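First the structure, in the form of structure tokens, and then the observations on it.
The values are calculated or read from the model by the stated rules, or taken from the named source; none is laboratory data. Keep in mind that what you see is a predicted model, and the values were worked out from it rather than measured. Every residue, glycine among them, receives a Cβ derived from its backbone with ideal geometry; neighbour counts consider all protein chains shown. With ligands, DNA and RNA removed, areas are computed over all heavy atoms of the protein, side chains included. Shrake-Rupley method; radii C 1.70, N 1.55, O 1.52, S 1.80 Å.
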Amino acid sequence: MTKRTHDIRRYPGFLPMTILCLTLLYAPLIVVTIYSFNSSNSITNWEGLSLRWYVDVFTGPEAEKFKRAAWNSFTIALIAATTATTIATLAATGMIRAGQFKLRTLSFGLISLPLMVPEIVTAVATLIFFNSIGFVRGYTTILLAHIAFCIPFAYMPISARMQGVEDTYEQAALDLYASKRQAFTKILLPLMMPGIISGFLLAFIISLDDFIITNFVKGAGVETLPTAIFGAVKQGIKPNIMAISTMLLAVSIIMVTISYFISKSDNKT
Amino acid sequence: MINTTPEKSQIAVDINHVTKRYGTFTALQHMSLSIADNEFFTLLGPSGCGKTTLLRMIAGFEDVTEGEIYLFGDEIENLPPNKRPVNTVFQNYALFPHMSVTDNVAFGLEMLGRSKAEARTRAGEMLELVQLSQFANRKPSQLSGGQQQRVALARALAPQPKVLLLDEPLSALDLKLRQAMRYELKSLQRETGITFIFVTHDQEEALTMSDRIAVMSNGELQQLGAARDIYEAPHNVFVANFIGETNLLDVTVKHITGGRATCDLGGDYALSCDAIDGVSAGAQVHLSVRPERLYLSETATDAEGLEGRVRDNIFIGTDIQTIVALNNGPEIIVRTSNSDRGSSRIFEPGNAVHVNMEAGAARLLVD
Ligand SMILES: Nc1ncnc2c1ncn2[C@@H]1O[C@H](COP(=O)(O)OP(=O)(O)OP(=O)(O)O)[C@@H](O)[C@H]1O
Ligand SMILES: [Mg+2]
């Protein structure tokens with residue numbers, strides 16, 4: 001059993017290290033989740049199990065503000081992710097299927113560079129851009145900014161998937177009398193679908209979660225969930241913030257799970 | 001028997017002085033050949049000689065640099081692949097992984113605008129033809145390599161193309177299956193009457209299946225003809241070497257009389273063979289002699305009088321190959337069929353033997 005001797009679980013310090021990492025990663029999340037079900041007004045003293053703060057989120061004094069922020073967040077995330085995914089799909093098709101063109105490497109660099117630019121720089125630049133063209137800040141500016149910064153995130157999984165789809169499938173379709181459009185919609189698009197869905201979910205989460213850029217380009221009075229939460233926290237942390245955070249966490253977990261099952265079902269076919 | 005040059009009216013594909021260049025690299029050079037309707041035509045040549053390139057130009061996936069390709073008399077240069085009545089069985093099959101076997105086979109007909117019902121009925125018939133009806137609802141990944149190969153065949157045949165292109169369709173299969181598929185393909189071609197253009201680098205495959213074979217090397221046509229002609233009358237050294245096994249002997253032409261050339265093989269040996277145009281006395285040429293047209297004996301039975309000693313015997317199933325080192329001459333390989341063994345003696349290594357040649361066995365070749 002030579003395999004056993006190289007078993008990483010037998011390395012000294014493996015167990016304490018694992019526990020330390022898991023604790024650092026998950027303890028805060030677990031604490032927030034548990035305390036969101038606390039019936040106390042305090043965020044640290046446990047008094048008993050209750051859904052009080054969840055009710056408060058939906059009916060309390062701040063309910064209107066949070067509902068509007070949540071609506072903004074979800075519609076922006078949905079529209080931005082859809083638009084960015086469409087653009088990224090077309091970009092990937094062009095980049096990978098157009099053969100060797102001169103500026104291909106440069107184009108690829110330009111699409112993926114925003115992933116490496118510090119977000120604060122993008123935020124400032126976007127704000128200056130909107131100001132200089134005289135855009136009034138509000139819902140539209142947030143949406144446009146989100147579409148722009150979601151494109152590279154959507155592009156990565158889509159182009160990775162497309163590189164794995166050989167072009168002989170499209171050639172076979174053309175050979176079997178399909179038009180170029182039919183070869184795209186009936187063959188390439190279905191084969192790329194797992195990548196497109198991953199790209200969409202990633203863009204959706206990134207948009208939903210964004211704080212820095214949103215905070216810069218949003219106008220007065222227009223809030224998304226992250227900026228609304230930040231605003232509320234500035235006045236002191238109340239347990240209803242933990243309830244909202246827990247719900248956001250649940251949404252993320254659901255989306256990651258969907259993404260996981262889609263990639264798994266794809267492996268089977 | 002099909003004529004070497006088909007009649008104009010029955011030409012399916014006419015390739016006229018076609019050259020293909022990728023940048024400065026010439027993949028095909030002045031290729032000219034005519035493929036008859038209903039013919040099983042094979043493009044045979046070593047890896048990289050341009051077989052796939054020619055096939056892709058017929059299918060429409062590659063531009064023609066120079067020359068023209070005609071399909072039933074029509075120039076097809078400006079027809080995109082989806083407008084050509086030609087279907088392809090791809091080397092890696094390229095079955096659509098997200099569609100069932102039936103949907104794969106029905107795809108071509110649906111794209112041609114047939115109703116879904118008609119396309120599926122026809123797909124069912126095609127699957128019956130290739131004996132895969134029971135797998136109709138599976139995905140391609142749930143089939144073995146041989147089954148996938150037959151789905152690819154059914155898919156390409158379903159729209160009833162006028163010409164079917166097959167790019168090394170058997171190369172991914174194991175030997176037994178490959179041999180079985182040769183007969184299936186051949187009989188499928190006869191049943192459907194569709195012109196098959198078959199690409200392979202396996203000479204045995206080419207010899208057993210084809211009506212005619214085009215032997216290619218380095219982007220140039222080396223020889224075109226029926227399997228038997230190519231095997232028995234190779235035009236040049238490349239063809240003689242590539243098709244089957246042969247003894248290629250370096251000789252000097254001594255003299256030519258009455259259409260017969262007498263060649264000096266070194267030692268005291270002189271071999272005679274039919275003279276060919278452009279070869280005169282003193283020329284350095286080659287003689288090709290197939291090993292199965294030589295036989296061994298204790299005493300000389302022909303005029304050539306080749307003598308030597310057995311170096312080794314190699315058992316290869318149906319035959320035994322004997323390597324003989326000629327006295328003062330080169331080595332020569334003699335092939336004796338196992339069924340002849342009763343009548344002819346086996347010579348052990350070290351034995352002195354005479355090597356005899358059937359009349360007309362030696363062919364004179366220039367480089
Ligand atoms: N797109 C291309 N660009 C440049 N050179 C190419 C291209 N496609 C093919 N070639 C070259 O053209 C030559 C012929 O290629 P081709 O694919 O036709 O060979 P083949 O006879 O099919 O070989 P094999 O039996 O290995 O499939 C090769 O030398 C190859 O390197
Ligand atoms: Mg090839």
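Of all the residues that make up the range B:221-244, how many are part of a helix (DSSP H, G or I) and not aromatic (Phe, Trp, Tyr)?
In the first step, residues of the range B:221-244 are kept if they are part of a helix (DSSP H, G or I); the result is B:227-232, B:237-242.
Next, from what is left, pick out any that are not aromatic (Phe, Trp, Tyr): B:227-230, B:232, B:237, B:239-241.
The total comes to 9.
Whether any residue in the range A:247-266 is touching a residue at least 60 places away in the same chain (Cβ under 8 Å) and within 14 Å of another protein chain (Cβ to nearest Cβ) is what I want to check.
Looking for residues that are touching a residue at least 60 places away in the same chain (Cβ under 8 Å) and within 14 Å of another protein chain (Cβ to nearest Cβ), one finds at least one in the range A:247-266, hence yes.
Filter the range B:5-40 for residues that are open to solvent by less than 20 Å² (accessible area, probe 1.4 Å), more than 17 Å from residue B:77 (Cα to Cα) and within 16 Å of ligand 2 (Cβ to nearest atom) and give the result.
If the condition is that a residue be open to solvent by less than 20 Å² (accessible area, probe 1.4 Å), more than 17 Å from residue B:77 (Cα to Cα) and within 16 Å of ligand 2 (Cβ to nearest atom), then B:27 is the only one that fits.
Return the only residue of B:118, B:66 being within 16 Å of ligand 1 (Cβ to nearest atom), open to solvent by 30 Å² or more (accessible area, probe 1.4 Å), at pLDDT 90 or above and not aliphatic (A, V, I, L, M). First the steps, then the outcome.
Working: B:118 fails: within 16 Å of ligand 1 (Cβ to nearest atom).
Among B:118, B:66, only B:66 is within 16 Å of ligand 1 (Cβ to nearest atom), open to solvent by 30 Å² or more (accessible area, probe 1.4 Å), at pLDDT 90 or above and not aliphatic (A, V, I, L, M).
Could you say whether any residue in the range B:228-243 is within 25 Å of residue B:146 (Cβ to Cβ), more than 16 Å from ligand 1 (Cβ to nearest atom) and either open to solvent by 10 Å² or more (accessible area, probe 1.4 Å) or in the same structural domain as residue B:31 (by TED's automatic domain parsing) (or both)?
Initial filter on the range B:228-243 (within 25 Å of residue B:146 (Cβ to Cβ)): none.
No.
Mind counting the residues in the range B:169-183 that are in a loop (DSSP other than H, G, I, E, B), aliphatic (A, V, I, L, M) and farther than 16 Å from residue B:90 by Cβ?
Total meeting the criteria: 0.
From the list B:170, B:165, which residue is open to solvent by less than 20 Å² (accessible area, probe 1.4 Å), within 16 Å of ligand 2 (Cβ to nearest atom) and either modelled with pLDDT under 90 or not assigned by TED's automatic domain parsing to the domain that holds residue B:106 (or both)? I'd like the intermediate steps shown before the answer.
Numbers: B:165 fails: either modelled with pLDDT under 90 or not assigned by TED's automatic domain parsing to the domain that holds residue B:106 (or both).
Going through B:170, B:165 in turn, just one is open to solvent by less than 20 Å² (accessible area, probe 1.4 Å), within 16 Å of ligand 2 (Cβ to nearest atom) and either modelled with pLDDT under 90 or not assigned by TED's automatic domain parsing to the domain that holds residue B:106 (or both): B:170.
Residues of the range A:210-244 being modelled with pLDDT under 90, open to solvent by 30 Å² or more (accessible area, probe 1.4 Å) and under 26 Å from residue A:38 (Cα atoms), which ones?
A:233, A:234, A:235, A:236, A:237, A:238
In the range B:22-47, what count of residues is obtained for those that are near ligand 1 (Cβ under 8 Å from one of its atoms), over 20 Å from residue B:168 (Cα atoms) and in a strand (DSSP E or B)?
2
Among (1) within 16 Å of ligand 2 (Cβ to nearest atom); (2) in a strand (DSSP E or B); (3) over 20 Å from residue B:215 (Cα atoms), where does residue B:70 come up short?
(1)
For (1) touching a Leu at 6+ places or on another chain (Cβ under 6 Å); (2) of a type in the set (Gly, Ala, Ser); (3) assigned to a loop (DSSP other than H, G, I, E, B); (4) in contact (Cβ under 8 Å) with a residue 60 or more places away in the chain, each residue gets a yes or a no:
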| residue | (1), (2), (3), (4) |
| --- | --- |
| A:23 | no, no, no, no |
| A:28 | no, no, no, no |
| A:31 | no, no, no, no |
| A:40 | no, yes, yes, yes |
| A:57 | no, no, no, yes |
| A:64 | no, no, no, no |
| A:70 | yes, yes, no, yes |
| A:73 | yes, yes, no, yes |
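Any residue in the range A:116-138 that is at pLDDT 90 or above, not in a helix (DSSP H, G or I) and not hydrophobic (A, V, I, L, M, F, W, C)?
Yes, because at least one residue in the range A:116-138 is at pLDDT 90 or above, not in a helix (DSSP H, G or I) and not hydrophobic (A, V, I, L, M, F, W, C).
Output the number of the condition that residue B:147 fails; it satisfies all remaining conditions of (1) open to solvent by less than 60 Å² (accessible area, probe 1.4 Å); (2) away from ligand 2 (no atom under 16 Å from the Cβ); (3) in contact with a strand residue (DSSP E or B) (Cβ under 8 Å, 6 or more places away or on another chain).
Of (1) open to solvent by less than 60 Å² (accessible area, probe 1.4 Å); (2) away from ligand 2 (no atom under 16 Å from the Cβ); (3) in contact with a strand residue (DSSP E or B) (Cβ under 8 Å, 6 or more places away or on another chain), only one is false for residue B:147: (3).
Checking residue B:101 against (1) within 14 Å of chain A (Cβ to nearest Cβ); (2) within 16 Å of ligand 2 (Cβ to nearest atom): exactly one of these is not met. Which one?
(2)
Tell me, which residue of the range B:82-92 that is part of a loop (DSSP other than H, G, I, E, B) and within 15 Å of ligand 1 (Cβ to nearest atom) is modelled with the highest pLDDT?
Taking the range B:82-92 first, the residues part of a loop (DSSP other than H, G, I, E, B) are B:84-85, B:90-92.
If we keep only those that are within 15 Å of ligand 1 (Cβ to nearest atom) as well, we get B:90-92.
Details: B:90: 92, B:91: 87, B:92: 87.
Result: B:90.
Within the range A:169-182, which residues are surrounded by 22 or more Cβ atoms within 10 Å (Cβ to Cβ) and at the interface with another protein chain (Cβ under 7 Å from one of its Cβ atoms)?
A:172, A:174, A:175, A:176, A:177, A:178 - these are the residues of the range A:169-182 that are surrounded by 22 or more Cβ atoms within 10 Å (Cβ to Cβ) and at the interface with another protein chain (Cβ under 7 Å from one of its Cβ atoms).
For the range B:41-67, give me each residue that is within 13 Å of ligand 2 (Cβ to nearest atom) and hydroxyl-bearing (Ser, Thr, Tyr).
Residues satisfying the conditions are B:47, B:52, B:53.
Is it true that some residue in the range A:183-204 is within 10 Å of chain B (Cβ to nearest Cβ) and not in a helix (DSSP H, G or I)?
Among the residues of the range A:183-204, not one is within 10 Å of chain B (Cβ to nearest Cβ) and not in a helix (DSSP H, G or I), which makes the answer no.
When both residues are 6+ apart or on different chains and their Cβ atoms are under 8 Å apart, which pairs have a first residue that lies in the range B:187-203 and is within 14 Å of chain A (Cβ to nearest Cβ) and in contact (Cβ under 8 Å) with a residue 12 or more places away in the chain, and a second that is within 16 Å of ligand 1 (Cβ to nearest atom) and of a type outside the set (Asp, Glu)?
Pairs that qualify, where the first residue is within 14 Å of chain A (Cβ to nearest Cβ) and in contact (Cβ under 8 Å) with a residue 12 or more places away in the chain and the partner is within 16 Å of ligand 1 (Cβ to nearest atom) and of a type outside the set (Asp, Glu), are B:197/B:41; B:197/B:42; B:197/B:43; B:197/B:55; B:197/B:58; B:197/B:165; B:197/B:166.
Among the residues of the range A:145-166, is there at least one that is part of a loop (DSSP other than H, G, I, E, B) and open to solvent by 30 Å² or more (accessible area, probe 1.4 Å)?
Step one: list which residues in the range A:145-166 are part of a loop (DSSP other than H, G, I, E, B), which gives A:164-166.
Then keep just the ones that are open to solvent by 30 Å² or more (accessible area, probe 1.4 Å); that gives A:164, A:166.
Yes, some residue in the range A:145-166 is part of a loop (DSSP other than H, G, I, E, B) and open to solvent by 30 Å² or more (accessible area, probe 1.4 Å).
Looking at residue A:138, is it in contact (Cβ under 8 Å) with a residue 60 or more places away in the chain and either more than 23 Å from residue A:197 (Cα to Cα) or touching a strand residue (DSSP E or B) at 6+ places or on another chain (Cβ under 7 Å) (or both)?
Values: in contact (Cβ under 8 Å) with a residue 60 or more places away in the chain: yes; either more than 23 Å from residue A:197 (Cα to Cα) or touching a strand residue (DSSP E or B) at 6+ places or on another chain (Cβ under 7 Å) (or both): yes.
Yes; evaluated as a whole, the condition is true for this residue.
Looking at B:206, B:172, B:214 in this structure, which one is touching a Gly at 6+ places or on another chain (Cβ under 7 Å), within 16 Å of ligand 1 (Cβ to nearest atom) and in contact (Cβ under 8 Å) with a residue 40 or more places away in the chain?
Numbers: B:206 fails: touching a Gly at 6+ places or on another chain (Cβ under 7 Å); B:214 fails: touching a Gly at 6+ places or on another chain (Cβ under 7 Å).
After ruling out the rest, the residue left standing is B:172.
Of a type outside the set (Phe, Trp, Tyr), within 13 Å of another protein chain (Cβ to nearest Cβ) and under 30 Å from residue B:113 (Cβ atoms): is that true of residue A:162 in this structure? Explain how you work it out, then say what you get.
Numbers: of a type outside the set (Phe, Trp, Tyr): yes; within 13 Å of another protein chain (Cβ to nearest Cβ): no; under 30 Å from residue B:113 (Cβ atoms): yes.
It is false that residue A:162 is of a type outside the set (Phe, Trp, Tyr), within 13 Å of another protein chain (Cβ to nearest Cβ) and under 30 Å from residue B:113 (Cβ atoms).
Could you please let me know if residue A:77 is more than 30 Å from residue A:171 (Cα to Cα), under 15 Å from the mean Cα position of the chain (by Cα) and surrounded by 13 or more Cβ atoms within 10 Å (Cβ to Cβ)?
Working: more than 30 Å from residue A:171 (Cα to Cα): yes; under 15 Å from the mean Cα position of the chain (by Cα): yes; surrounded by 13 or more Cβ atoms within 10 Å (Cβ to Cβ): yes.
Yes, satisfied.
Can you run down the residue pairs with Cβ atoms below 7 Å, 6 or more apart or on separate chains, where the first is in the range B:32-58 and away from chain A (no Cβ under 14 Å) and the partner is acidic (Asp, Glu) and more than 16 Å from ligand 2 (Cβ to nearest atom)?
B:34/B:14; B:39/B:211; B:40/B:211; B:41/B:211
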